[in-house]
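Okay, structure first, notes after.
The values are calculated or read from the model by the stated rules, or taken from the named source; none is laboratory data. On a predicted model such as this, the values are computed, not experimentally measured, just so you know. Every residue, glycine as well, gets a Cβ built from its backbone with ideal geometry; the counts of neighbours run over all protein chains shown. SASA here: full protein model, heavy atoms, side chains in, ligands and nucleic acids out. Shrake-Rupley method; radii C 1.70, N 1.55, O 1.52, S 1.80 Å.
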Amino acid sequence: MLQVNILSRQGRDKEALSKLAGVVEDNDDDHSLRLFYARKLVDAKQLSAARDQFSKLIDNDDQDVRSDALYALGLLSLQLNDLEDAEEHFKSLVEMGKRDNEANYYLGQMAEREEARDRAIEYYSQVKFGDHLIDAQIRISVLVAKSGKVEQARKRLQSIDAKSSDVSLRIYLAEGEILRNNKQYDDAIDLYTEALAELPDNIELLYARALTAEKVNRLDVTIQDLQEIVERQPNNAQALNALGYTLVDRTDR
């Protein structure tokens, strides 16, 4: 395993994988080695081959090895657009009580893709902690808004404990998107302005406010915000395009 890591760092990935494949074949019952090999195949973007290796570990007696394999198989199946397999693997994790927060999050995503709104909310509600908690709470709010309960969705978002500026930004952008989707453009502009007071000069907020202001013919705000972005990021293609389009389409400039 050390030798393979060294070969990989030297850019000799093909040689590393070839050597590793032979060693795994000779040590069929070494589960940690097979797990290592499967992860290296993922790094090399050989997803189907990686899935084959992880599949050999899902009946393992070691629950940690099995849960790692199931989780990896779920993610790989998602990437390969094999949603039926992905759902099966994530549900197995939930039944095991292993990595169930992540599993419920991805089950929620799949339910959303199938436009099964209530089922998606149910899965997202089972995410109690971890890296996907904030995303799950935001997705619940977006889905609630899509059912017509805009104020309830906004209150849910505003109740999220934002422990960092990054989380605050994601909440503001999600709430703004809800307002824009419901054509409450003036309220969205007020929200972005409030957010910019908390997060000054944030590019994403400026861009969102600019596009929203254009919807209600507040071109002074649109042009000002886009110009500010371009001044700070001269190569920002989105802002350049939006500014150019606004000037030619909505003004004589």
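Observations
- Residue that is least open to solvent (accessible area, probe 1.4 Å) [pool: residues in segment 188-203 that are part of a helix (DSSP H, G or I) and within 21 Å of Asn236 (Cα to Cα)]: Tyr192
- Which listed residue, of Asn182, Asn202, Asn236, is within 28 Å of the chain's Cα centre (by Cα) and within 19 Å of Val150 (Cβ to Cβ): Asn182
- Of all residues in segment 1-37 being part of a loop (DSSP other than H, G, I, E, B) and surrounded by 11 or more Cβ atoms within 10 Å (Cβ to Cβ), the one that is farthest from the chain's Cα centre (by Cα): Asn27
- Annotation note: Cβ proximity below 9 Å between a residue of segment 212-227 that is open to solvent by 70 Å² or more (accessible area, probe 1.4 Å) and a residue that is of a type in the set (D, E, K, R) and at pLDDT below 95 (sequence gap 6+ or interchain) occurs for Asn217/Arg250.
Residue-wise test of (1) touching a helix residue (DSSP H, G or I) at 6+ places or on another chain (Cβ under 8 Å); (2) at pLDDT 95 or above.
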| position | (1), (2) |
| --- | --- |
| Leu78 | yes, no |
| Asn81 | no, no |
| His89 | yes, yes |
| Glu102 | yes, yes |
| Gly108 | yes, yes |
| Ala111 | yes, yes |
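- Segment 127-165 - residue that is among the acidic types (Asp, Glu) and modelled with pLDDT under 95 and, of those, farthest from Glu102 (Cα to Cα): Asp161
- Of the residues making up segment 231-253, just one is open to solvent by less than 80 Å² (accessible area, probe 1.4 Å), hydroxyl-bearing (Ser, Thr, Tyr) and assigned to a helix (DSSP H, G or I), namely Thr246.
- Neighbours by Cβ (under 9 Å, 6+ apart or cross-chain): first from segment 74-85, over 14 Å from Ala38 (Cβ atoms); second open to solvent by 50 Å² or more (accessible area, probe 1.4 Å) and assigned to a loop (DSSP other than H, G, I, E, B): Leu83/Glu114
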